[in-house]
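One structure is given here, and the rest of the page talks about it.
Readers should treat all values here as calculations from the given coordinates under stated rules, not as data from a laboratory. Keep in mind the model is a prediction, meaning the values are calculated, not measured. Cβ placement follows ideal geometry from the backbone for every residue including glycine, while neighbour counts extend to all protein chains displayed.
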Amino acid sequence: MILGAILVLLAAGALAWAAGRFVSPNAPRWVSMLAFAAGLAWAVLEWQGGAGANGLYAEQFIPWIPRFGINVILELDGLSLLMVALTMFLGIVAVVSSWDEIEAGKGFFQFNILWVMAGVVGVFTALDLFLFFFFWEVMLIPMYFLIAIWGHENKGYASMKFFLFTQISGLLMLLAILALVYFHHASSGELTFGYKALLGADISESVRLWLMLGFFVAFATKLPSVPVHTWLPDAHTQAPTAGSVILAGILLKTGAYGLIRFAVPLFPDASQDFAWWAMLLGAVSVLYGGAMAFSQSDFKRLVAYSSIAHMGFILLGVYAFNELGMQGAIVTMIAHGFSTAALFMMAGAIQHRLHTREMSRMGGLWVHAPRMGVMTLFFVVASVGMPGLGNFVGEFLALLGAFRASVPLTVAATIGIVVAAVYGLYLMQRSFQGAPNPDVAAMRDFGAREMSVMVLMMAGLVWVGVYPQPLLDMSAATIAKLGVLP
Amino acid sequence: MAISVPVEHVLYVAALLFLMGLAGVLARRNVMFLLMSLEVMMNAAGLAFIAAGAKWGQPDGQIMFMLILALAAAEVAVALGLVLQLSRRYGTLDVDSASELSG
Amino acid sequence: MLDLLWLVPALPLLGFLALFATEGKLPDKLVAVIGAGTVGIAALVALFAGREFLQSGEPSFSLSLWTWIAVADFQPSITLYLDALSLVMMGVITGVGFLIHLYATGYMWKDHQEPASYSRFFAYMNLFVFAMLMLVLGDNLLVLFLGWEGVGLCSYLLIGFYHRDAANGYAARKAFVVTRVGDTAFALGLFLLFRELGSLEIQQALAASSALTPCMATAICLLLLGGAVGKSAQVPLQTWLPDAMAGPTPVSALIHAATMVTAGVYLIARMQDLYLLSANAQHYVAVVGLATLLIASFTALTQRDIKRILAYSTMSQIGYMFMALGVGAWSAAIFHLMTHAFFKALLFLASGSVILALHHEQDIFKMGGLWKKLPVPFWSMAIGSGALVALPFVTSGFYSKDAILLTAYDTSGWLYWGGGVLAAGLTALYTTRMMVITFFGDAKTEPHEDSRINMWLPLAVLGVLSIVGGWFGIGVLDELLGGLGDFSHASPVAVVTMAVPLLGILLGVLVFSGRIDVAGFVESKAGDALRRFFDSGWAFDWLYERVFVKPFLWLARVNKGDVVDLIYTLTKSITRGLHHTGALTQTGRLRWYAANMAIGLIVVLLLAAGWL
């Protein structure tokens, strides 16, 4: 069933491409819309169906290359299901946000979106390291195309930078995977890429650290954490709206997911030794990302840097090594998926209308587009960490957990919420408030299509903010099964 | 019956010939002289093969020499085509005039 | 009725949602009905619920709604908790809140900067009332924090309500960010409290708090004090409040006088048992209060803007409350909070009427001679000022201020009492200055009074409360909270406490009506420097600008391009450089290649022969 979902997305991609060629240029977006809606419906059905006795909502095992111990192992547990549902939902958001933005190659555009998402679903469900790496690459290439073909003025540079960062760090992970399999084979005589078998691999202490770092670098680059974050502002700024939505909403989360699912459980002792440094990176990301966000004059770039700050909370939470922190990281993943996707959609909408991302050329947009103003305000307030909205729950839990692990780092990261207020409100001021910019003659406000997506995301954030319990229960089961917490 | 020439002497001659050819390749700009110098170098290699074959009493050396002859013939055929092209395009036989493939 | 307690915060929230969802398309009259009506009904529900609670005789009542977050041992739930303290706060918020909403329906009526702004205003106001109610009714510090941040947000939204003016946006952001600094301390306090006591549930935590080491108790108390200082505009985080006057006047009355700024007082009073564990922390609370009290009183003496005068006076009155908390006069602090809500709301609303009548003129030196032309605002201001100055026996402010000062004298000696009395004299002085310059002397701007019932009725009610709130309140609060027993007004200390404000008024009248000439001092060099120092709010803004704002802006400017990216751009440049160097050898010259091959061959041969 999981493989079916992935194949449906892949097939829908091919179908969208063909439909764009042979039916009508506007057909592809409907194809992807339907595909994502079907995917979301599937995820919700799996959720409603409840977890089996082993805590899995669905699982699949197909032998692939038995000689090397490589199999198609796909499992859907609480955390995976949450992330898959978010993926499908943000797929819809991405399609809507680029509804009439793309001029040329509409079919191939939707093809790439669908293939990225197929790769992402694979990443979130694969429990075979070879298969995981395979999907990791599957989501990279179409994303590269999305930026390189439909990006803005500096797309070549941005897409190449994105590709190199992801690819080089990915290769480090591949090395680590191969070494892990090799050492496991050496010690146990069993050649396998299976996640569960490798969980208990017996590896000497000195090697363990390096293998853990191989995984950590790959995931920290994807997350991204300072100092390997610099691909993100460029990639986000240059990507088309749908690309930014997917990048911020989902692709960054694969890094966080990788940390939780692979880096920490595969090397619990090495991770524990490394935890302080990872938390330090998290705290630095929070502060540095915040300060950098404030420096920017480009709407999208500002939001991009704010993502780095938010991802810092995830590092803090995961490496706090307690349930509060871990839950905080997971809730942050979901809430940030909503809030930042919405802000990127807003940035795209503004750019589509004004043909600029420079905030100095905005100002007073509220007068022209009060709905857009209210929406921006809402999501800015959410990302500033207002209690009652999702981001607060995540960040508060992450900090509460981190406080038990390291007081100074938590204090530093908490100062980051002041910085968040500074850049968030400054964004609001420079774009929507103040005297109306005379250069902006008129601007179409959001219509029903955009509003419906926005309202859904608002509802999502409020839900996560005031009643996150269903979500926490789902991830709690996964966390318990990871077995890394004391 | 035969006057025995020490194999070292033949190899010295071959090395001398090779160096002369190499010097020609490095020093001459005219493509014709360049080719001739190349021929000299190949023949030097051939001489070394012959000497080695005689030394060990094996036919391989002579076979290699015939291979070199064939190679030289093929090379001349291609090279003369290049010479023609060079003189047609640049109106000169100076090889340095065709240094377009620089980095 | 008590089970319907949830309606009290839910009704304003409903009002907000209704106004939010309709996107300002409702007719203004309906907006007014929803905006003020929901708060009014909430006030009625609160009244009945409160009566039932008092009749039940129980010390507290809690209403569990749902579990908010349950992770491991962290299980905050959304529970409403009613006891004497939250009852008083709920009464003030819904009661005074309703009156201010009612006033605002008139005040904002003609204020159509742009379409839907009337509806937007009431949406924010209702959201504020909801958040403020969650703050005081939450039985859990996390729910309290929800309300705490919520009121901060609404304060930001309403200060920057006229968002076309960038200066308002600046004031709004300043308010939000400066209070956020305090909130950070508050959040850290919560983390620490949770780590030490394993619960954020207030009653549980307080019950368990005796296990804390004194050092830990002090740390928690000081962190919470940090939050309180930010929200209540106390030294050193007081700088946002005067700028916050950029908001519409009803906002200043509701948020920046009657309710939100007193949240810090509520927090400390709520965590009283914790503060009792740490004499040090309590001492700091008193010091903060006294410092703010004096700084703000001196500053108010020199302001020209009527709302800024009131803002500084608010700061100083909250300083009294902090001082009261610090010296252990818990009930007196809450009592003063209540009377202050009455008379300061009255003062702000009355000043709003003056400002409206003068076409948004706020400079008192451009007013004058208004007492006959604007009788309703004048008498309201007069009553409010009387209560602010604490005219003996006839005003509510007298009873509450007296309770604070006399308790301070009894428990902590002459220092706090002396500082408080000095500030009371200054209060009398600047209030008299404000009244004399605004309402007497020559008229400088012609007013047009436009007073409707929805505007003068709240003034009248608040006026009555400002007078009788003292007699009435002292009895009720003494019964609820205790500790407000009879104070003897015959002792020398009490007589001095009463007399100083009267002397202040006398001096004020003499100076500001020109009977005593102080021009010589004011125009001297020292006098001018002093005036400018006071006028700038003791140069706190100047200091913060240099210590925090400028360096941050500088950092933002120089690092716009992200210095970390240099690692990668440098890698790129080095690779490129190597590439170019390598490309230099590729000359395209056949003989150069041949020579290189020859040299290479020689090197290889030499290496093989072992000569190198």
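Just order C:207-218, C:560-571, C:280-291 by mean Cβ neighbour count inside 10 Å, highest at the front, would you? Walk me through the numbers on the way to the answer.
Working: C:207-218: 15.2, C:560-571: 13.8, C:280-291: 22.2.
Answer by packing, highest mean first, reads C:280-291, C:207-218, C:560-571.
From helices alone, chain B scores -27000 deg cm²/dmol at 222 nm; the rule is -39500 (n - 2.57) for each run of n ≥ 4 DSSP H residues, then divide by the residue total.
Rounded to the nearest 10 degrees, the inclination of helix C:590-609 to the longest alpha-carbon principal axis of chain C is 80 degrees. Computed over chain C, the per-residue total of -39500 (n - 2.57) for DSSP H runs of n ≥ 4 gives a 222 nm mean residue ellipticity of -24000 deg cm²/dmol, rounded to 500. Working note: Karplus 6.51/-1.76/1.60 with θ = phi - 60° gives the stretch A:90-103 the couplings 5, x, 4, 4, 4, 5, 5, 5, 10, 3, 10, 7, 8, 9 Hz, where Gly and Pro are set to x. The trypsin sites (Lys or Arg not before Pro) found in the stretch C:425-523 that occupy coil by DSSP, while having at most 16 further C-beta atoms within 10 Å, are C:Lys444, C:Arg452, C:Arg515.
Summed over qualifying helices (DSSP H, 4 residues or more, each -39500 (n - 2.57)) and divided by its residue number, chain A shows a 222 nm mean residue ellipticity of -25000 deg cm²/dmol.
Residue by residue along C:587-595, Cβ atoms of other protein chains within 10 Å of the local Cβ number 6 on average.
Mean projected area of the convex hull spanned by the Cα atoms of chain C, taken over all viewing directions: 42.8 nm².
Summing Lys and Arg as +1 and Asp and Glu as -1 over all other residues whose Cβ lies under 9 Å from the Cβ of A:His184 gives a net charge of -2.
Dipole magnitude for the protein assembly as shown: about 2500 debye, using +1 per Lys or Arg Cβ and -1 per Asp or Glu Cβ, origin at the Cα centre. Averaging Cα coordinates gives a centre for the stretch A:338-371 and one for the stretch C:1-55; these two points are 34 Å apart. Take each peptide in C:330-336, C:5-11, count the other Cβ atoms within 10 Å of every residue, and average; sorted highest first, the result is C:330-336, C:5-11. Dipole orientation for the stretch C:322-536: of the candidates C:Leu503, C:Leu481, C:Thr432, C:Thr432 has the Cα lying most toward the positive pole (charges on Cβ; Lys, Arg +1; Asp, Glu -1). Binning the C-alpha pair distances of the stretch C:569-609 at 10 Å intervals from 0 yields a P(r) profile of 26, 30, 29, 14, 1 %, listed from the shortest bin outward.
Work from the charge dipole of the stretch C:240-353 (Cβ charges, +1 for Lys and Arg, -1 for Asp and Glu, about the Cα centre) and give the residue of C:Ala291, C:Met315, C:Tyr275 farthest towards its positive end. The one lying farthest along the dipole's positive direction is C:Met315.
Taking Cβ atoms as reference points and 13 Å as the exclusive limit, the residues near C:Ala408 contribute a net charge of -1, counting Lys and Arg as +1 and Asp and Glu as -1.
What is the dipole size for the stretch C:322-536, taken about its Cα centre, with +1 at each Lys and Arg Cβ and -1 at each Asp and Glu Cβ, in debye to the nearest 20?
Dipole about the Cα centre, nearest 20: 340 debye.
The stretch C:84-110 and the stretch A:161-195 have Cα centres separated by 64 Å. The mean number of partner chain beta-carbon atoms within 10 angstrom of a residue's beta-carbon across peptide C:555-562 is 5. Applying the Karplus relation 6.51 cos²θ - 1.76 cosθ + 1.60 with θ = phi - 60° to the stretch A:267-284 yields 3J(HN,Hα) values of 10, x, 6, 4, 5, 5, 5, 8, 4, 4, 5, 5, 5, 4, 4, x, 5, 5 Hz, where x marks Gly and Pro. Using C-alpha pairs under 8 Å with a sequence gap of at least 6, the mean separation divided by the residue count of chain C gives a relative contact order of 12 percent. For the stretch C:394-490, the convex hull drawn through the C-alpha positions has a volume of 131 cubic angstrom per residue. Each Lys and Arg contributes +1 and each Asp and Glu -1, all at the Cβ; summed about the Cα centre of chain A, the dipole is approximately 800 debye. Entry note, the stretch C:79-178: relative contact order of 25 percent, from Cα contacts under 8 Å with a spacing of 6+ residues.
With the convex hull of its Cα atoms as the shape, the protein assembly as shown has an orientation-averaged projected area of 63.5 nm².
Considering only alpha-carbon pairs that sit under 8 angstrom and 6 or more positions apart, the relative contact order computed for the stretch C:263-371 is 30 percent. For the stretch C:379-386, the Karplus equation 6.51 cos²θ - 1.76 cosθ + 1.60, evaluated at θ = phi - 60°, returns couplings of 5, 5, 4, 5, 5, x, 5, x Hz by residue, with Gly and Pro reported as x. Farthest toward the positive end of the dipole of the protein assembly as shown, out of C:Leu347, C:Ala217, A:Gly156, is the Cα of A:Gly156, where the dipole comes from beta carbon charges about the Cα centre. In summary, the lysines within cross-link reach of A:Lys481, defined as a Cα separation below 19 angstrom excluding same-chain residues under 8 places away, comprise A:Lys196. Amide H contacts under 5 Å for A:Val72: A:Ile62, A:Trp64, restricted to partners 5 or more places along the chain or on a different chain, H placed in the peptide plane at 1.01 Å from N. Here chain A is treated as an ellipsoid with the same Cα gyration tensor; its semi-axes, largest first and in whole Å, are 34, 26, 20. For A:Tyr319, the shell of other residues with beta-carbons less than 14 Å away shows a net charge of -2, using +1 for Lys and Arg and -1 for Asp and Glu.
Straight Cα distances below 22 angstrom link C:Lys110 to the lysines C:Lys25, C:Lys29, C:Lys307, C:Lys373, with same-chain residues fewer than 8 positions distant left out.
For the segment A:416-423, counting C-beta atoms of other chains within 10 Å of every residue's C-beta and taking the mean gives 5. How large is the Kirkwood hydrodynamic radius of the stretch C:541-609, counting all unique pairs of alpha carbons, in Å? Final number for the Kirkwood radius of the stretch C:541-609 is 17.2 Å.
For chain A, leaving out every one of the GluC sites (Glu not before Pro) that falls in a DSSP loop and has at most 10 other Cβ atoms within 10 Å, the longest unbroken run is A:154-486. Put simply, the convex hull of the Cα atoms in the stretch C:1-104 casts, on average, a shadow of 8.0 nm².
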